[in-house]
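Chemist: Starting off with a structure, shown below.
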Amino acid sequence: MGNQVIRIGSVGVGGIWSGVHEPGIRKSPNLELVAICDIDREKLDAVGEKYGIPAERRFTDYHDLIRCPDVDAVDICTSNDAHFEIAMAAIEAGKPYDLEKPITMTAAQAKQLAQATRVKALPNMVCFSYRFKAAARYARELIASGKIGRVYHVDMQYFQAWGLPRFNTPRVWRFVKSRTGSGALGDLGCHALDLVRFVTGKEYTRLVGHVGTYVHERQNLDGTGMGPVDVDDFCNYMADMEDAISVSFQITRFGYGRGNYQRMEIYGSEGAIVYSLDAQPGEEDVIEVCTGDVYAEGRVFSRLPIPDRCRSDQMQSFADILLKKGDGLAATVEDGLKNQQAVDAVLASAEQGKWLVL
């Protein structure tokens, strides 16, 4: 990889790939898309034609893509149920990988994946994409430098609207437990868990969860009538972290009027930070801060300009990791393991109706 161009093979060319991964690969001066894989042959060929991938490097079996000598690193963007086996195959082949979240279906699988990666000492990245938001990075920096003193509370919301009955969303794989593991929790809640860990720099010590489903049946994709929804539409959970930080989470796909809305409020002994994403149309990530007696007494939160050093790109970060010049802020499979342990604990806690220690 000394030539500074890393040849990428992507497995799974659906929405997250076309919306985030492919544009990031194209934008990076260090990455080149050379192979693609998808179980849908029609989609595979359409994508191959669009991006100029020759027929001999369009694969329906991920083993063939991983074995391909032209592929230096594997980009995994499939449904959750396929993450573990594809990542394990990449590890066995000794190829670095990046992996969508949640990394596996269970914490046991995640542990196996992390151990195998560790043994081979393979470069890797987990796509917790909100770590690349400049406002989140700036919040992390401000907290680490002691600008808001001791952190007491974090309140984290992540709301989308597409699950609402008015959208008639069919029974896509995200509503099927055998393919996704959990619903809003694994889709949105795992991002929220990672983001709070990222900005505070602390680990979870115990969790309690509550989950629920509003729409129990949705139209099957093949038009054969209705099929059951066996995952959560929303989840609320609380956590304790190291240093006695208390955290609350609200996660839903039933947030009327929301697109990809996040709001994280962090309250410390000497100040407070509010991070928000997609709060207004056309507005990306924003950070507001209240610190100092005059602002505290006036209850004034001021929006801060974000320094350029906090700006980053997910796929370029993967390239930097492979070129041994990463900034250390991207998530790794070890972060993915801690995240999956927390996700599993939320689900188990919701079932048992009690706090669970991590």
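The values are calculated or read from the model by the stated rules, or taken from the named source; none is laboratory data. Fair warning: this is a prediction, and the values are worked out from it, not measured in the lab. Neighbour counts are summed over all protein chains in view; Cβ atoms, including those assigned to glycine, are modelled from backbone coordinates with ideal geometry. Please note that ligands, DNA and RNA were not included when accessible areas were found on the heavy atoms of the full protein model with its side chains. Shrake-Rupley method; radii C 1.70, N 1.55, O 1.52, S 1.80 Å.
Chemist: Are any residues in the stretch 172-187 under 27 Å from V357 (Cα atoms), surrounded by fewer than 22 Cβ atoms within 10 Å (Cβ to Cβ) and of a type outside the set (K, R), and if so, which ones?
Modeler: Across the stretch 172-187, the qualifying residues are S178, T180.
Chemist: Among the residues of the stretch 87-104, how many are among the polar types (S, T, N, Q) and surrounded by fewer than 17 Cβ atoms within 10 Å (Cβ to Cβ)?
Modeler: Count: 0.
Chemist: Please verify whether the stretch 137-144 includes one or more residues that are over 19 Å from A73 (Cβ atoms), open to solvent by 50 Å² or more (accessible area, probe 1.4 Å) and under 20 Å from the mean Cα position of the chain (by Cα).
Modeler: Yes - at least one qualifying residue is present in the stretch 137-144.
Chemist: Which one is nearest to L356 (Cα to Cα) among residues in the stretch 188-216 that are open to solvent by less than 20 Å² (accessible area, probe 1.4 Å), touching a strand residue (DSSP E or B) at 6+ places or on another chain (Cβ under 6 Å) and among the aliphatic types (A, V, I, L, M)?
Modeler: Out of the qualifying residues, it is L207.
Chemist: Which residue, of T224, T205, is polar (S, T, N, Q), free of Cβ contacts under 8 Å to residues at least 12 places away in the same chain and out of contact with any Lys or Arg (no Cβ under 8 Å at 6 or more places or on another chain)?
Modeler: Just one listed residue meets the conditions, T224.
Chemist: Could you list, ordered by first residue, the pairs with Cβ atoms under 6 Å in which the first is in the stretch 240-258 and open to solvent by 10 Å² or more (accessible area, probe 1.4 Å) and the second is β-branched (V, I, T) and modelled with pLDDT of 95 or more, at least 6 apart or interchain?
Modeler: D240/T205
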